[in-house]
1. Would you mind classifying segment 9-59 by shape? Square roots of the alpha carbon gyration tensor eigenvalues, ordered a ≥ b ≥ c; an a/c under 1.5 is rounded, otherwise it is prolate if a/b is larger than b/c and oblate if not.
2. When the Karplus curve 6.51 cos²θ - 1.76 cosθ + 1.60 is applied with θ = phi - 60°, which whole-Hz ³J(HN,Hα) does each residue of segment 5-17 get, with x for Gly and Pro?
3. Taking K and R as +1 and D and E as -1, what net charge do the other residues with C-beta under 11 Å from the C-beta of ASP2 add up to?
4. What length, rounded to one decimal in nm, is gained on full extension from SER26 through to ASP50, with 0.36 nm per residue of separation minus their alpha-carbon distance?
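Each reported figure results from applying straightforward, stated rules to the coordinates on display, with no laboratory input. These numbers were taken from a predicted model, which means no experiment stands behind them. Don't worry about glycine lacking a Cβ; one is built from the backbone with ideal geometry, like all the others, and counts go over all protein chains shown.
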Amino acid sequence: MDQACATADRGLALMHGNALPGRMRSRLGDFYRDLTALAPDSGTAREWKDRYRSEWSQAR
């Protein structure tokens, strides 16, 4: 879980300040849903999902 969230964080960091391309937004959305389904009680997953929602979900 930690490694998966860290990898996704690196992808988000690369896009800092820019809108996410459609394919990347789609893949990260899939990742978000998988985290919710597979690790609902993981603190790492919760932190990543909060960051994604606050920083990137509005950047369309």
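1. The shape class here is prolate.
2. Values per residue, Gly and Pro as x: 5, 5, 5, 5, 4, 4, x, 5, 4, 4, 9, 3, x Hz.
3. On the way: positive: none; negative: ASP9, GLU47.
Taking every other residue near ASP2 into account, the sum is -2.
4. On the way: separation 24, 0.36 × 24 = 8.64 nm, distance 1.70 nm.
Fully extending the segment from SER26 to ASP50 adds 6.9 nm.
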